[in-house]
Amino acid sequence: MHRALAALGTAPTLDRTHRPHGPRPEDAPLLLGILLAKAELDATVIADPGEEPPEGMTSLIEGYNTLICSEEMRLRLLALRLIRTAFDISLYEDADDPCTPAAETAVMTAANMINARRLAWHGSGPADQQALVTALRSADQFSRSTLEDLEQARHQFTPQPRSKAAPKRSAQARHRRNR
């Protein structure tokens, strides 16, 4: 994987004192993350969804789907992509922007619903059944948080006198509270 990243010009520089024999198996998540970012960054340059006709976008989706071997894998990838998006929102978006918490919780609602669908259709054992119940419960909690966040954003953008301002809580704090 490190060689593939080097060929793309995005390999991290290895500290030869700590990695005299090159990357270790435990480096795989970091290297995959770099490879994923490289692919997504390149895709944003090549595939413009606003292009008429959207040839780059169509080819990108066709190429992506060539490796998807099953419906279950497609759903796993969608859920993972959404969880990464929620994580990116929580890390990089302005915490004072009233739309940020709503965006984060809405994405987590979608991720949990996609995971619930995957488990409902492709789960086979008791552990999958328990995971399905957990995913549905999480989706419900995130959905409720999204509605609260939307209400807060609406009030912040709509000038109205408010009697009490509710303290801001992160999406994760509300989710933990609702468990």
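If I filter the stretch 31-75 down to residues being within 30 Å of G123 (Cβ to Cβ), in contact with a helix residue (DSSP H, G or I) (Cβ under 8 Å, 6 or more places away or on another chain) and among the hydrophobic types (A, V, I, L, M, F, W, C), which single residue comes out as least open to solvent (accessible area, probe 1.4 Å)?
Looking at the filtered set, the residue picked out is L75.
State which residue is modelled with the highest pLDDT when the search covers only the stretch 123-154 and only residues that are open to solvent by 70 Å² or more (accessible area, probe 1.4 Å) and touching a helix residue (DSSP H, G or I) at 6+ places or on another chain (Cβ under 6 Å).
Among them, the one singled out is L136.
Need the failing condition index for L80 against (1) closer than 30 Å to G123 by Cβ; (2) open to solvent by less than 90 Å² (accessible area, probe 1.4 Å); (3) under 20 Å from the mean Cα position of the chain (by Cα), just the number.
In the conditions (1) closer than 30 Å to G123 by Cβ; (2) open to solvent by less than 90 Å² (accessible area, probe 1.4 Å); (3) under 20 Å from the mean Cα position of the chain (by Cα), L80 misses (2) alone.
Got a number for residues in the stretch 1-30 being open to solvent by less than 80 Å² (accessible area, probe 1.4 Å) and under 19 Å from D88 (Cβ atoms)?
1
Within the stretch 7-57, take every residue that is of a type in the set (V, I, T) and either at pLDDT 80 or above or closer than 19 Å to R81 by Cβ (or both) and give me the one that is farthest from the chain's Cα centre (by Cα). Walk me through it before giving the result.
Taking the stretch 7-57 and keeping what is of a type in the set (V, I, T), we get 10, 13, 17, 34, 44-46.
Applying the additional criterion that residues be either at pLDDT 80 or above or closer than 19 Å to R81 by Cβ (or both) yields 17, 34, 44-46.
On the way: T17: 35, I34: 16, T44: 17, V45: 20, I46: 22 Å.
Out of the qualifying residues, it is T17.
In this structure, is D97 over 30 Å from A11 (Cα atoms) and open to solvent by 40 Å² or more (accessible area, probe 1.4 Å)? Break it down into steps so the answer makes sense when it comes.
On the way: over 30 Å from A11 (Cα atoms): yes; open to solvent by 40 Å² or more (accessible area, probe 1.4 Å): yes.
Against the criterion (over 30 Å from A11 (Cα atoms) and open to solvent by 40 Å² or more (accessible area, probe 1.4 Å)), D97 qualifies.
Can you list the helices (runs of 4 or more DSSP H) lying wholly within the stretch 50-140 that have 2 or more residues being basic (K, R)?
Details: elements: 55-65, 71-92, 99-122.
Ranges flagged: 71-92, 99-122.
Suppose the filter is touching a residue at least 24 places away in the same chain (Cβ under 8 Å) and surrounded by 14 or more Cβ atoms within 10 Å (Cβ to Cβ); does A111 pass it? Break it down into steps so the answer makes sense when it comes.
Working: touching a residue at least 24 places away in the same chain (Cβ under 8 Å): yes; surrounded by 14 or more Cβ atoms within 10 Å (Cβ to Cβ): yes.
Yes, satisfied.
The values are calculated or read from the model by the stated rules, or taken from the named source; none is laboratory data. As the structure is a prediction and not an experimental result, all values here were calculated from the model. Note that we place each Cβ from the backbone using ideal geometry, even for glycine, and neighbour counts take in every protein chain shown. Ligands, DNA and RNA are stripped out before the accessible areas are found, and what is left, the full protein with its side chains, is counted by its heavy atoms. Shrake-Rupley method; radii C 1.70, N 1.55, O 1.52, S 1.80 Å.
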